[in-house]
Amino acid sequence: MSDPRITSSIFTRGAVDLSALRGTAPAPTRPSTPAQAGPPPGLPGGVVDGGGAAVIDVTEATLQSEVLERSVALPVVVFFGAAGYPESDQFAPVLEQLAVEGGGAWVLARVDVQDNPRIAQMFQVQGIPTVYAVVGGRPVDAFSGVVPEAQLRQWIDAVLKAGGVTVAEQEDPRLDEADDALLGGDLDAAEQAYRKILSESPADAAAEAGLAQVGLARRVAGADPGAALAAAQADPDDVEAQLLAADVEVLSGMAEQAYQRLVGLVRRTAGEDREKVRQHLVGLFTVAGPDDPAVASARRALASALF
């Protein structure tokens, strides 16, 4: 469910084992000089109300009802933190604001690990902040540490989709700027813009596709499409000619033909040539995006050719 470019899951999927609450686990040691006196705004210390309980504080006594049972109706994001830890203090308000913006589509459940060490043990929390998504009574994904807000929004969207919530696609002005540069032929500006997005949101498939399109545009710059296809037809074993022909086909709307061309070339080559063709083909897949059915079919064909 999670975008693997954002985080990797730290939970072995399955039902939460409440028997873990019978054990004990030490809470993280509070810094000798807290970064902030007293709890920061919204961590823990009351309910933040955004037209409903958008943010709630959870204890051992309320975990079952407020997290596991509630998650059957709507996704619950569980935040493990503690006042006085800089990263926790920094990240809590961001999550709280997004929960309020969500307007009841999901709930943020805050757990103070100082006061609830056994909940932290049950969720295998290794450090703070740690964030879990719980859907249908089960943890479905998690990450630890602080992530950029844009990246966090993508993760929450994925959580909502996993919970059956329809998520409206939001326009990203950063992508609009990058796309405008690409369409305008300013490849350097487009590349810079796409790379900036990926530095902030490594999971952004649209930016990955845009960057791959920049590379494609550079490779075919100045090429004669007809001549490129003719050269490839004249010499089927000329690797460079086949790669250029595939690029031309993708730009001409014949992506499936390009994929077939390169899968066939993978079958006929070996060593460095084979790897070069494989990487080129994977790059063309990125241009189309992971949800393209033609890409899925070509990936299967590529796997067959390789193994």
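The values are calculated or read from the model by the stated rules, or taken from the named source; none is laboratory data. Treat the numbers as computed from the prediction; the structure is a model and nothing was measured. Here Cβ is always computed from backbone atoms with ideal geometry, including for glycine, and neighbour counts include all displayed protein chains. Note: areas computed on protein heavy atoms with side chains; ligands, DNA, RNA excluded. Shrake-Rupley method; radii C 1.70, N 1.55, O 1.52, S 1.80 Å.
Just the residues that are buried (at least 22 other Cβ atoms within 10 Å of the Cβ) and either among the hydroxyl-bearing types (S, T, Y) or not in a loop (DSSP other than H, G, I, E, B) (or both), please, taken from the stretch 79-88. Selection gives F79, F80, G81, Y85, S88. If you check R118, R138, R153 for being of a type in the set (K, R) and closer than 15 Å to F80 by Cα, only one passes: R118. Looking across the stretch 259-291, just one residue is of a type in the set (D, E) and touching a residue at least 12 places away in the same chain (Cβ under 8 Å), and that is D273.
L244 falls short on exactly one of the conditions (1) modelled with pLDDT under 95; (2) under 25 Å from D179 (Cα atoms); (3) among the aliphatic types (A, V, I, L, M), and that condition is (1).
Filtered by the rule that a residue be surrounded by fewer than 17 Cβ atoms within 10 Å (Cβ to Cβ) and not in a helix (DSSP H, G or I), the stretch 252-283 gives S252, G253, M254, A270. Quick check: anything in the stretch 229-240 open to solvent by 40 Å² or more (accessible area, probe 1.4 Å), under 30 Å from I156 (Cα atoms) and at pLDDT below 95? Within the stretch 229-240 (the criterion being open to solvent by 40 Å² or more (accessible area, probe 1.4 Å), under 30 Å from I156 (Cα atoms) and at pLDDT below 95), the answer is no, since none of the residues qualifies. Of the strands (runs of 3 or more DSSP E) lying entirely inside the stretch 89-200, not one is found with 3 or more residues being open to solvent by 40 Å² or more (accessible area, probe 1.4 Å) and free of Cβ contacts under 8 Å to residues at least 40 places away in the same chain.
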